[in-house]
Every structure is written in C-alpha cells, then in structure tokens.
C-alpha cells in the first residue's frame with residue numbers, strides 16, 4: 001500500500017501542482033485539498049505549497065492561516081500528522097503557530113530566485129530521514145519574504161534542541177538569522193523551509209534531484225508504520 | 001451648440017466628421033469617448049495596417065496555423081493535438097511614467113490575451129530597453145520595471161524563461177518594455193472573441209471598474225511625450241496579480257466546463273473595446289446596461305466607465321442556461337461576476353445608463369472600420385552618410401594586450417554583462433516544466449509530461465542594425481531568434497513581433513517602419529514561418545527625437561522530446577569546440593564598434609536565409625542524434641562574447657586557436673554561426689558536411705582560462721569579475737553578498 005499525501009490549494013497558491021507532482025514521483029498518492037473545506041480527505045500527510053496565498057496581503061501567510069482547512073491541519077499536526085510547509089507554506093505554519101518565528105522581507109529587498117546550497121541539520125524528522133545529517137543539497141530558493149527571524153532566546157533554543165532543519169550554505173540569500181533556511185517542531189512531524197524541494201526532483205527541470213528525498217522520507221515512514 | 005472636445009480626446013477634424021457621418025448626428029459624449037479610444041493608434045493600427053497586410057499577403061504555405069492574425073493571439077499546432085498561442089506586446093509609455101505598475105500591467109495584459117484564446121498561460125518573457133546604463137533616469141526606471149515584471153509574473157505563478165536587456169541613449173525618455181506570454185491548450189479548446197446567439201448574456205467578471213487608466217491608449221500610447229504639460233501618472237493602470245491569478249483559474253475551469261460561446265479580455269480601451277469587438281466579430285447586436293457594472297468609484301461618468309482600463313477584467317458571452325453554472329465557478333474562486341447585458345438582434349451596440357440611451361452605434365465602425373492612413377514616407381536623409389561611415393576606419397587592437405582589453409570591455413559592457421541582477425528577481429521554476437531559461441539562448445518549456453513534448457522561444461531585437469538598415473535589421477532579428485530556437489535543438493515554427501518605432505507622422509519614421517515590416521514579411525516567407533500576430537508601438541519619441549527602429553521578433557519552436565535539448569554552457573573538460581558557419585569581416589553595427597569606439601555606422605552583416613535554414617536543420621539533426629553537449633549562438637559581440645558566456649556558465653575554460661585575423665575572428669558579427677561542443681567531432685563534421693554547413697575546429701574545453709593561442713589568455717576569474725560586476729555596480733549590491741546578519745539588527749520581540 002502507498003500513502004496518501006495531500007497538498008492544500010489556497011487562493012494564490014502557485015506551486016501546488018509541483019508539490020503534487022513531487023508526491024507522485026516519490027511514489028505516493030497525491031491528493032488535492034481545498035482551503036475552504038474542513039476535510040483532510042483521510043490523507044496521511046499534508047504539504048502546504050509555495051505561492052502567494054491571498055496575494056501576500058496583510059502579511060505573507062497571515063490570511064491563509066485562518067482558512068478552514070488550517071483548523072484541521074493544526075489539529076492533526078498536534079496528533080502527529082506529518083506536515084511540510086514550503087516557502088509560503090512555511091510562512092503559513094509560522095502564522096498558524098505550528099512553528100516559531102516569522103519570515104520577513106529579504107534583506108536585499110528584492111525577490112531572489114537562485115539555486116541554493118543547503119545543509120541538512122536535522123535528519124531525524126518525518127521529512128528528512130532520507131538524508132544524512134550534515135549532507136549538502138542544492139534546491140531552488142525563490143521568494144521576496146524569506147528572511148527567517150525570531151527572538152534571540154528562541155533561536156538559541158532552536159539550536160540547542162536541534163530544531164534547525166536546514167541552513168543556507170555558500171551565501172545567505174535573504175539575511176535569515178543564523179542562516180536558517182528551515183526549522184522543525186519538537187516532535188519532528190512538522191517541518192517548514194523557504195527553499196523548494198518540489199523544484200528539485202528531476203535534473204531536467206531543476207538544478208538537481210536532491211529535493212525528492214523529503215517526499216521519499218515521509219513516504220517510507222508512513223508505509224513502514 | 002458648443003463644439004465637442006474631440007481634439008482633446010485625440011481625434012482629428014476629419015475623424016470627427018466621419019463619426020458624425022456614420023451616426024447621422026452629433027455623437028453623445030460617451031460615443032465620442034468610445035470612438036476616440038478605439039480609433040487611437042494603439043487600438044486601430046491606423047498608421048500601420050496598410051503595411052501589416054504583407055504578413056498575410058506574403059505568408060508561406062503552412063499547415064501549422066490554427067488561428068491567424070486578428071484574434072487576441074495566433075494559435076499554432078505543435079503536434080499530438082496540442083496547440084500553442086503566444087504573443088508579445090509593448091507597455092512602453094506607462095512604464096516610463098510609472099515603472100513598477102507600467103511593467104506589471106504589461107505582463108498582466110499579455111497574460112489575459114493568451115488566456116482569452118482558451119489556453120493556460122505557461123511562461124512569460126520580457127524584452128527591456130533603457131537609456132544609457134549610467135544615466136540617472138535609468139536608475140529610476142530600470143529597478144521599477146524589473147520589480148514590476150517580476151512582481152506580477154512571480155505572483156501569477158508563471159516562470160520567466162528569457163528575454164533581453166539592452167541600453168542605448170535613444171531610449172532615455174522612451175524605455176521599451178515588451179512582454180511575451182505563451183499558453184498551451186488542446187486543439188478543440190480554442191476560444192474566439194465574438195458575441196453570437198441572440199439572448200446570450202454578456203458577463204463582466206474580475207475586478208471592479210475604477211478610475212485608473214482612463215484614456216491610457218489615446219493619451220499615453222498614441223502621443224509623443226512633451227517636456228511640458230501635466231503629469232500623466234493617473235493614466236497608468238494599477239495591477240493586482242492576485243486577482244488575475246484567481247481570474248486565470250476561474251477561466252480555465254469555465255473553459256473546461258464549456259460555459260462560454262465567446263470571450264474577450266479588457267485591456268486598452270476597457271469595456272469600449274471588449275463590447276464593440278465582441279459585437280463586431282459576432283452578429284453585430286449587443287445591449288449593455290451600464291448601471292450594472294460594479295464600480296470602485298461611484299462618481300465615474302458613463303464615458304469613464306466605458307474607457308477605464310482597470311486591470312484584471314474579462315467579458316464573456318454565456319448561454320442563459322449556463323449563466324448560473326458560470327457564476328458558481330466565479331464564486332468558488334472569489335471572482336466577482338455580473339451580467340451586464342445581452343446579445344441582441346440587429347447590428348447596433350446600445351448602452352443605457354440611468355434610463356437613458358447613451359450609446360447607439362454600429363459596432364463594426366467602432367472596432368474594425370476605424371480610419372486607415374497611408375502616411376507619407378521618406379528615406380531618412382542621414383542614411384547615406386551613416387551607411388558610408390564604415391567601421392573599417394576605426395582603429396583596431398594592434399597587440400594581444402589591446403585585443404584582450406577590448407574583449408573584456410565588450411563582455412563587461414552593460415549590454416554584454418551578466419544579467420543575473422535582473423533574472424534573479426524572476427521565478428524560473430514555478431510549474432516545474434522549465435527545461436531551459438535565461439541566460440540560455442532560448443527558453444524551453446515541457447508541455448506534456450508523458451511524451452516530453454516541449455516548446456522553445458526566443459526574443460531578439462538588435463536596433464543598431466535596424467537603424468543602419470531597417471529592412472535588413474528586421475530580417476537579422478528574425479534570423480537571430482530563429483537561430484536561438486534552433487541551437488536549443490528545437491524546430492522553428494512561427495513568429496510574433498513587437499514593432500517599436502517613433503512617430504508615424506514623421507515620414508522618415510514611417511519609412512523605417514514600412515521597411516522593417518517588408519523585411520520581416522519577406523524573410524518569414526523564405527524561412528517558411530507564419531507571422532501569427534503581434535503588436536505595434538508608435539510614438540516612441542521625446543520631442544522630435546525618435547528611438548532607433550526596434551522590431552523585436554519572437555520565434556516559437558517545437559521539441560518532440562525536451563530531453564534532447566542542448567544547453568549553451570560548457571560543463572565537461574576535454575570536449576572539442578567547433579564553429580559552425582563562416583566568418584567574414586563584418587563590424588557595421590557591432591558591439592565592438594559601439595563599446596570601444598561609441599560608433600554606429602556602415603552596413604549591418606549580410607544575411608543568407610538559406611544558410612540559416614541549413615544551419616537550423618543541422619542543429620536539429622545533431623540534437624536528435626545526441627551529438628552536441630552545448631551550442632551557443634553568435635550574435636552581438638561575436639565569438640568573443642559567445643566564448644565568454646559558454647565558459648562562464650559552469651566555469652569551464654578552453655584552449656583554442658583562431659585562424660586568419662584574430663580581431664575579425666573574435667569581434668565580427670557575421671550571421672549564421674554557432675559555437676558547439678562535442679565528444680565526437682568526426683560525427684558532427686560528417687553531418688555538417690552533408691548539410692552543407694562549414695565547420696572550423698577551434699580547440700578543446702578545459703582549464704580555468706580562455707586561452708586563444710598567441711592572442712589572449714583570460715583567466716575565468718578575471719573574466720567573471722568583469723562580466724558580473726557591471727549591473728550590481730550600477731543598480732545595487734547583488735544579494736549574493738548578503739551575509740549572516742549580526743544579531744540585534746532586527747527587532748527581537
């Protein structure tokens with residue numbers, strides 16, 4: 001049997017199809033979820049995709065975090081459902097309180113699209129078990145508001161408890177504090193990152209296939225369970 | 001009776017008289033406003049029409065064209081039952097007045113044109129031209145335009161796959177912002193802009209109508225900028241890409257459920273244009289109740305409502321039985337949709353407002369039977385002297401050190417330099433089908449994930465060549481775009497164009513325009529490529545100084561399998577570097593003459609269209625056989641520029657030797673040339689011999705320098721420093737240098 005992995009479409013989601021494709025290429029069954037529904041359609045994991053939900057109005061991810069589907073995602077995440085937030089999805093997770101900190105305007109004030117080197121800092125999450133801790137991968141980063149910030153004490157705690165999931169290597173594209181590209185929750189089922197693993201699943205259309213490991217990680221964990 | 005303000009609306013005396021004649025009475029104020037925007041140069045093509053007919057008259061025999069010129073965009077058969085629609089359009093004047101919104105709404109407008117054909121938009125490109133790179137106003141206009149193109153396209157989720165960025169003094173008061181969009185659909189999904197079926201409803205959907213962009217086409221796009229006069233900012237529209245994204249998804253769902261009989265986007269001239277074009281292309285009759293149009297500003301007059309260019313709006317013709325389903329799809333996507341009228345018997349477009357009939361006109365006279373001018377033309381007087389001023393007189397580098405310095409100067413010039421500062425602001429990955437994007441010669445997008453079928457697109461417009469000879473210049477631009485598509489391994493299929501010129505009321509400009517159109521039509525005939533549509537932008541001048549004639553040409557090609565695409569950069573050491581094509585001493589209009597000597601004169605390089613066709617066929621065959629590891633077109637800056645770009649792409653150098661005069665070998669811009677790498681040079685040579693394309697072996701890839709024996713030795717680090725420093729030095733620090741931000745520099749609560 002394979003796992004059903006849902007991808008939420010909010011108004012203004014852009015990389016939802018790409019995330020569905022990555023789920024399929026990894027070998028799982030992709031399931032579309034609609035922002036206005038209170039229904040997770042019995043999925044085994046959820047991806048909040050990239051894009052500009054609600055046009056980034058108010059703050060990136062702020063309005064989407066109040067969508068009906070998010071009530072279900074937050075509740076299920078509390079019970080251990082694997083949730084991956086990519087770019088705008090990461091912003092939504094922070095706004096929804098599933099992850100600490102916030103994403104603000106890039107330090108250079110421009111949108112930046114770049115093939116980015118990342119170091120996998122935490123390989124024992126639902127979404128990173130396919131990687132070796134310390135492995136370097138290349139995944140596209142593309143955003144205008146990707147600068148991770150948090151209270152100093154929060155940053156210290158994230159580092160002390162191994163909750164930094166990914167760090168930028170070879171140049172920080174947006175001024176994120178402590179080069180943080182992605183973080184995880186304590187249980188390891190919720191991971192958020194600014195770079196786009198779903199755009200690195202095939203060297204034909206991306207800089208590498210390094211991103212596929214995130215989707216394979218969750219699939220293996222779900223099918224082994 | 002007081003005189004009507006037709007002159008202020010941009011209508012000439014005889015045009016006004018014709019309107020009175022058509023109606024048999026004085027037009028109402030609203031009718032006058034409608035005619036004025038629809039008969040503007042921008043909407044009516046009144047100065048260009050007589051010339052553009054050549055694209056049809058000289059069109060080659062073709063079976064790939066599903067929808068030709070005249071619709072919102074042409075549609076091309078790319079095989080397997082798939083069709084592609086693509087078009088490039090200008091938003092030059094608004095981008096000068098308000099760079100961010102001007103450029104953003106330029107992208108929004110062309111995307112709606114593609115959507116209107118029934119296609120899902122899949123990629124965009126942008127072709128940008130500004131004044132001197134170091135001019136203060138360029139620092140105002142360029143960052144805003146780039147942010148606007150990126151801001152709108154990124155938020156729509158359309159990858160930006162390529163384009164151009166060029167600088168010349170002639171664009172100082174008239175930057176050119178040309179945006180291209182390409183969309184994909186099945187053959188049976190093609191939609192047309194016509195209103196048919198008496199009783200069918202007219203539905204306006206998308207954003208509310210506001211006071212922005214009123215008279216944009218007649219005020220901005222159809223008049224020359226004056227140093228004096230009031231600020232024109234209120235005529236520029238304001239874009240909301242989020243609304244457009246919802247509009248796209250709603251439209252595609254509406255198309256899939258077959259809920260419309262006709263559809264038109266609202267662009268220049270807004271509701272005036274959409275209603276009159278739909279009615280005119282259909283059976284002719286339509287009634288609109290203007291009170292039903294949702295407004296952002298309740299104080300708008302009926303004329304303003306009809307002329308408003310508020311963005312993100314579409315107009316559909318829907319059978320009564322399908323209206324409820326149509327509205328339900330719009331509700332799902334939070335898109336406002338309102339029935340504003342219906343298709344009627346007869347051949348009048350009527351509009352009521354507050355119980356009064358304020359418009360009653362034959363729609364064809366508004367939309368399709370506007371004035372047509374065969375304007376006077378005169379070959380520019382300066383042309384003989386310009387063409388006689390051959391670059392042969394210019395001092396050439398006489399030592400290897402000088403030659404190397406010129407090489408660096410060309411590569412580091414704003415036109416030749418690394419464009420990452422711009423392209424990094426564009427999402428090239430979204431949708432997950434981008435196979436090649438900038439800085440490649442052509443953008444390549446997969447359109448079928450099962451069969452790997454894909455398309456290639458290139459946009460090119462060398463205006464220096466066109467200034468020296470507009471007939472040849474247009475053909476050279478076509479040849480370059482054609483070659484750029486071919487180097488990716490694609491088969492060139494069809495052409496679009498954006499013709500940017502000065503004032504048509506100046507005979508010398510009109511001559512340039514006519515020559516460029518004639519040249520393009522002739523060359524398309526020879527290459528067997530249909531022109532599928534395009535856009536004309538006139539009045540690109542400040543005072544009496546016109547821009548260089550700038551015909552920007554887009555070529556679409558098809559890949560049967562995108563996995564066979566050929567990239568432009570060298571990746572592997574030890575491969576053989578070959579030059580396909582023949583080099584002659586041709587420096588007229590060259591980047592070398594411009595960068596090193598500030599010179600423009602002589603004749604542009606000669607063009608042999610048969611040789612271009614042979615070269616393109618050869619490149620396609622080599623790509624299919626997998627014999628090439630890279631291919632890069634030679635154009636501006638000749639071999640010097642191409643070698644630098646191929647080496648810097650992945651940081652792999654080469655040791656080369658060039659025969660004959662090394663200066664000519666490096667800087668000549670002879671056409672029909674491509675530099676390729678291969679691990680099997682004998683096989684490439686055999687295929688090239690068979691195809692009748694000359695081959696010269698240049699050397700071998702490898703090392704960390706570009707070495708040309710006895711001529712130059714350029715470490716890639718030095719080359720990269722020169723090439724990549726230019727734009728950041730002019731427009732701001734690249735984000736690559738953003739390091740870890742020290743603690744305490746952002747609020748920590």
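The values are calculated or read from the model by the stated rules, or taken from the named source; none is laboratory data. The shown structure was predicted, so the numbers you read here are calculated from the model rather than taken from an experiment. In this analysis, Cβ positions are derived from the backbone assuming ideal geometry, glycine residues included, and neighbour counts consider all displayed protein chains.
Overview of values
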| read-out | value |
| --- | --- |
| Residue within segment A:28-40 that is over 22 Å from residue A:78 (Cβ atoms) and touching a residue at least 40 places away in the same chain (Cβ under 8 Å) present | yes |
| Selected residue [in contact with a helix residue (DSSP H, G or I) (Cβ under 7 Å, 6 or more places away or on another chain) and surrounded by 24 or more Cβ atoms within 10 Å (Cβ to Cβ)] from B:73, B:133, B:123, B:119 | B:73 |
| Residue count for segment A:18-36, restricted to those that are more than 10 Å from every other protein chain (Cβ to nearest Cβ) and in a loop (DSSP other than H, G, I, E, B) | 3 |
| Residue within segment A:178-195 that is under 19 Å from residue A:46 (Cα atoms), within 12 Å of another protein chain (Cβ to nearest Cβ) and either in contact (Cβ under 8 Å) with a residue 60 or more places away in the chain or in contact with a strand residue (DSSP E or B) (Cβ under 9 Å, 6 or more places away or on another chain) (or both) present | yes |
| Single residue of A:114, A:167, A:119 found to be within 14 Å of chain B (Cβ to nearest Cβ), under 26 Å from residue A:54 (Cβ atoms) and part of a strand (DSSP E or B) | A:114 |
| Residue in segment A:64-76 that is surrounded by fewer than 21 Cβ atoms within 10 Å (Cβ to Cβ), more than 14 Å from chain B (Cβ to nearest Cβ) and in a strand (DSSP E or B) present | no |
| Test: residue in segment B:264-273 that is surrounded by fewer than 17 Cβ atoms within 10 Å (Cβ to Cβ) and touching a residue at least 24 places away in the same chain (Cβ under 8 Å) | no |
| Test: residue B:329 is closer than 16 Å to residue B:261 by Cβ, touching a helix residue (DSSP H, G or I) at 6+ places or on another chain (Cβ under 9 Å) and surrounded by fewer than 23 Cβ atoms within 10 Å (Cβ to Cβ) | yes |
| Residue under evaluation residue B:63, criteria (1) under 19 Å from residue B:497 (Cα atoms); (2) out of contact with any helix residue (DSSP H, G or I) (no Cβ under 7 Å at 6 or more places or on another chain), criterion not met | (1) |
| Options B:119, B:195; residue that is over 30 Å from residue B:541 (Cβ atoms), touching a strand residue (DSSP E or B) at 6+ places or on another chain (Cβ under 6 Å) and modelled with pLDDT under 95 | B:195 |
| Given (1) buried (at least 21 other Cβ atoms within 10 Å of the Cβ); (2) in contact with a helix residue (DSSP H, G or I) (Cβ under 7 Å, 6 or more places away or on another chain); (3) away from every other protein chain (no Cβ under 14 Å); (4) not in a helix (DSSP H, G or I), index of the condition residue A:11 fails | (3) |
| Meets criteria (surrounded by fewer than 24 Cβ atoms within 10 Å (Cβ to Cβ) and under 18 Å from residue B:475 (Cβ atoms)) for residue B:517 | no |
| Subset of segment B:336-354 (residues that are assigned to a strand (DSSP E or B) and over 14 Å from residue B:320 (Cα atoms)) | B:337, B:349, B:350, B:351, B:352, B:353 |
| Residue within segment A:138-159 that is in a helix (DSSP H, G or I), more than 14 Å from chain B (Cβ to nearest Cβ) and either without any contact (Cβ under 8 Å) to a residue 40 or more places away in the chain or crowded, with 23+ Cβ neighbours inside 10 Å (or both) present | no |
| Leading residue by the ranking (farthest from the other protein chains (Cβ to nearest Cβ)) among those in segment B:143-173 that are in contact with a strand residue (DSSP E or B) (Cβ under 6 Å, 6 or more places away or on another chain) and over 24 Å from residue B:431 (Cα atoms) | B:173 |
| Filter result for residue A:216 (under 14 Å from residue A:45 (Cβ atoms) and either buried (at least 24 other Cβ atoms within 10 Å of the Cβ) or within 11 Å of another protein chain (Cβ to nearest Cβ) (or both)) | no |
| Subset of segment A:196-210 [away from chain B (no Cβ under 11 Å) and touching a residue at least 60 places away in the same chain (Cβ under 8 Å)] | A:197, A:208, A:210 |
| Test result for residue B:181, in a helix (DSSP H, G or I), modelled with pLDDT of 95 or more and away from chain A (no Cβ under 14 Å) | no |
| The one condition in (1) within 14 Å of chain A (Cβ to nearest Cβ); (2) assigned to a helix (DSSP H, G or I); (3) buried (at least 24 other Cβ atoms within 10 Å of the Cβ) that residue B:252 fails to fulfil | (3) |
| Residue in segment B:593-620 that is surrounded by the most Cβ atoms within 10 Å (Cβ to Cβ), counting only those that are touching a strand residue (DSSP E or B) at 6+ places or on another chain (Cβ under 8 Å) and over 25 Å from residue B:411 (Cβ atoms) | B:616 |
| Filter pass, residue B:686 being modelled with pLDDT of 95 or more, touching a helix residue (DSSP H, G or I) at 6+ places or on another chain (Cβ under 9 Å) and under 19 Å from residue B:579 (Cβ atoms) | no |
| Some residue of segment B:375-397 being farther than 19 Å from residue B:604 by Cα, out of contact with any helix residue (DSSP H, G or I) (no Cβ under 7 Å at 6 or more places or on another chain) and more than 14 Å from chain A (Cβ to nearest Cβ) | no |
| Test result for residue A:92, over 19 Å from residue B:242 (Cα atoms), more than 9 Å from chain B (Cβ to nearest Cβ) and buried (at least 21 other Cβ atoms within 10 Å of the Cβ) | no |
